[in-house]
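These notes are about the structure you will find just below.
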Amino acid sequence: MLGMKCGKKLEKYVADYVVLDLETTGVSVSYDQIVELSALKVQGGQVIGEFSTLVNPGRPIPLAASAVNGITDDMVADAPVLETVFQDFLEFAGDLLLVGHNIQSFDLRFLYREAERIWGQTVTNDYIDTLPLARYCLPGLSHHRLVDLAAYYHISTAGAHRALNDCYMNQRVFEALGKELEGAAAHVKRCPRCGQLMRKRNGRFGEFWGCGGYPACRYTENVR
């Protein structure tokens, strides 16, 4: 949905949500463009709908980007521009919570930028980023990329780096992380102000508990 305030980051499991993934011309959220936008609608933990489209970025796709996602200039030559498909995506997502891997630092920043450019508003849906959630649930893993998590949970990584395939991978990973949270419920420490997961951090005076919702929530506690 569109509005004047971005949605909040949450750290919990929900059964109804929309998984989001983008492919782009590069990693700069300042000037790179979206070339693929995909999403899955999930109800009760089960996929009930798909949204996926290539997007004409209005500029050549660098070879380095094509080498990662396999999307070429010829593939997007007749694709719709973002202005045409963005509204369709928003209607597909409705007011459901958005889920994505590294969504806070990457995918959402593209969507926020484009919503501001097109409508002078932003995307207001709350969201869950499975990257920090995986780091919390699986601290023993050396890497927490989506393909690493898929391998850990024995989920196929076939077709990785195409947006719809990554959505399916991420949906299964999120369901698995939800079970991790459920199993650890008795030991999970949550912020008493906002309900986010608390994390041990190091400061000038040693370890302390800090809210995972920082900087939106700055609650801290001493480590006893």
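Details
- The amide H of Ile128, built 1.01 Å from its N in the peptide plane, has Leu10, Leu98, Val99, Gly100 as neighbours under 5 Å, considering only residues 5 or more places off or on other chains.
- Remark: spin-label model distance Glu50-Lys12 equals 3.2 nm, labels positioned 7 Å along the Cα→Cβ axis.
- Rounded to the nearest 10 degrees, the inclination of helix 82-93 to the longest alpha-carbon principal axis of the chain is 40 degrees.
- Helical runs (DSSP H, four residues minimum) scored at -39500 (n - 2.57) apiece and divided by the length of the chain put the mean residue ellipticity at 222 nm at -9500 deg cm²/dmol.
- Extension gain from Val188 to Thr220, taking 0.36 nm per residue of separation minus the Cα-Cα distance: 10.0 nm
- For the chain, the alpha carbon convex hull comes to 143 Å³ per residue, rounded to a whole number.
- Cys residues of the chain that find no other Cys beta carbon under 4.7 Å: Cys6, Cys137, Cys167.
- In sequence order, calculated HN-Hα J values of region 126-142 (Karplus, 6.51, -1.76, 1.60; Hz; x Gly/Pro): 5, 8, 10, 9, 6, 5, x, 5, 5, 4, 6, 6, 10, x, x, 6, 6
- Top of Glu207, Glu23, Glu83 by mean-square fluctuation, Gaussian network on the chain, Cα under 10 Å: Glu207
- Net charge contributed by nearby residues that have their C-beta within less than 15 Å of Ala151 (K/R +1, D/E -1): 0
- Cα centre as origin, Lys/Arg/Asp/Glu Cβ charges: region 2-185 dipole, Debye: 520 debye
- The chain: angle of helix 107-119 to the longest principal axis, Cα-based, in degrees nearest 10: 60 degrees
- Whole-Å distance, taken between Cα centres, linking region 150-167 and region 40-73: 13 Å
Read the figures in this text as sums done on the coordinates, not as results from a lab. Since the structure is predicted, the reported quantities are computational estimates derived from the model, not experimental observations. All Cβ positions, glycine included, derive from the backbone under ideal geometry; neighbour counts span all protein chains shown.
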